[in-house]
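Accompanying notes for the structure given below.
Laboratory data are not the source of any read-out in this text; all were calculated from the coordinates shown. Just so we're clear, the structure is a prediction, and the values are computed from it rather than from any experiment. Quick reminder, even Gly has a Cβ in these numbers, built from the backbone with ideal geometry, and neighbours come from all protein chains shown.
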Amino acid sequence: MAKSIIAEGKTSTEAIEKGLKELKVSKDKVEIKVLESEDKRSFFSILTPRVVKVELTLKEGVNEKNLEKSEKELPKHVEKEKKNLLSSEEIETAKKNLTFFLEEFNKKLPSMKYEIKSDQEYIYVTLNGDDAGKLIGYRGETLNSMQVILSSIASKGIDKKVRIILDIEEYREKRKKALEELADKLARTVIRTNKQVILEPMSAYERKIIHNRLQDSQRVKTYSIGEEPYRKVVITKK
């Protein structure tokens, strides 16, 4: 079966360019079908974000060179990241930066409590309290944005990027469980239908949960396609 993906953009041109970049092929190597045109907008939808969807299908005989080597790539990626470890001094500097910010932040949300832990790879920040839940957002979007901000704050005065894992009201654990259940369900779907499944764009943290959940499967494999922040996990049969 020919490889197909669906790409989105504000215009059909932007959507096609994103799709070609994801597939890593030129325009002459694909068949293009516009699923939602930018012209089909009613009076009631003019205030909503413009989204155009296109389907790109590799032409017969075109090799899928863009696809990453699935189950082997993630461990290499993780191993590469682990080489960039923080020293004890850098960890202390990062913690001081975070503590200063969170103390000031707490003045706006006095009911919120925070905790900072660390290892040489990550610094873990946990927020709890009556007001903390407001910082999660839809599917953790606000939480993830705040995590990026905390990473920048923690990295002040340090030559390397400090990686932060932010959790609010145990959201990460709940989300992990939901993603693992989703991975199991979709793996069964792939096996039953013999068709691959492409998930919605996820953060590196959430993609890793899917990869880890299915890495020991004898029947399916996973890999990632696209570029941040639109990177997606693909589940397919071995």
**Exceeding the 22 Å Cα-Cα cut-off - candidates LYS3/LYS27; LYS33/LYS238; LYS24/LYS232; LYS29/LYS53; LYS21/LYS59; LYS18/LYS134** = LYS33/LYS238; LYS18/LYS134
**Fill in**
Residues meeting the amide H criterion for GLY129 (H placed from the backbone, H to H distance under 5 Å, 5 or more places apart or on another chain) are LYS113
**Message:** Show me, for region 89-100, the HN-Hα J-couplings you get by feeding each phi into the Karplus relation (A = 6.51, B = -1.76, C = 1.60, θ = phi - 60°), rounded to Hz, glycine and proline as x.
**Reply:** 5, 5, 4, 5, 4, 4, 5, 5, 4, 5, 4, 4
**Message:** Treating only the Cβ of Lys, Arg, Asp and Glu as charged (+1, +1, -1, -1), what charge dipole size does region 173-237 show about its Cα centre? Round to the nearest 20 debye.
**Reply:** 260 debye
**Asked** So what are the ³J(HN,Hα) numbers for region 223-230, from phi and the Karplus equation (6.51, -1.76, 1.60; θ = phi - 60°), rounded to whole Hz, Gly and Pro as x?
**Response** 7, 10, 10, x, 10, 4, x, 9
**Message:** Please list, in order along region 166-176, the HN-Hα scalar couplings obtained from phi with the Karplus expression 6.51 cos²θ - 1.76 cosθ + 1.60 (θ = phi - 60°), rounded to whole Hz, x for Gly and Pro.
**Reply:** 9, 10, 10, 6, 6, 4, 4, 5, 5, 5, 4
**Prompt:** For LEU166, which sequence-distant residues (separation of 5 or more, or a different chain) have an amide H within less than 5 Å of its own amide H, given hydrogens modelled in the peptide plane?
**Reply:** VAL125
**Fill in**
From fewest to most C-beta neighbours within 10 Å, the residues TYR114, TYR230, TYR138 line up as TYR138, TYR230, TYR114
**Request:** Hey, can you grab everything whose amide H is under 5 Å from the amide H of LYS3? Only 5+ residues off in sequence or another chain; H modelled, so Pro and N-termini drop out.
**Result:** LEU58
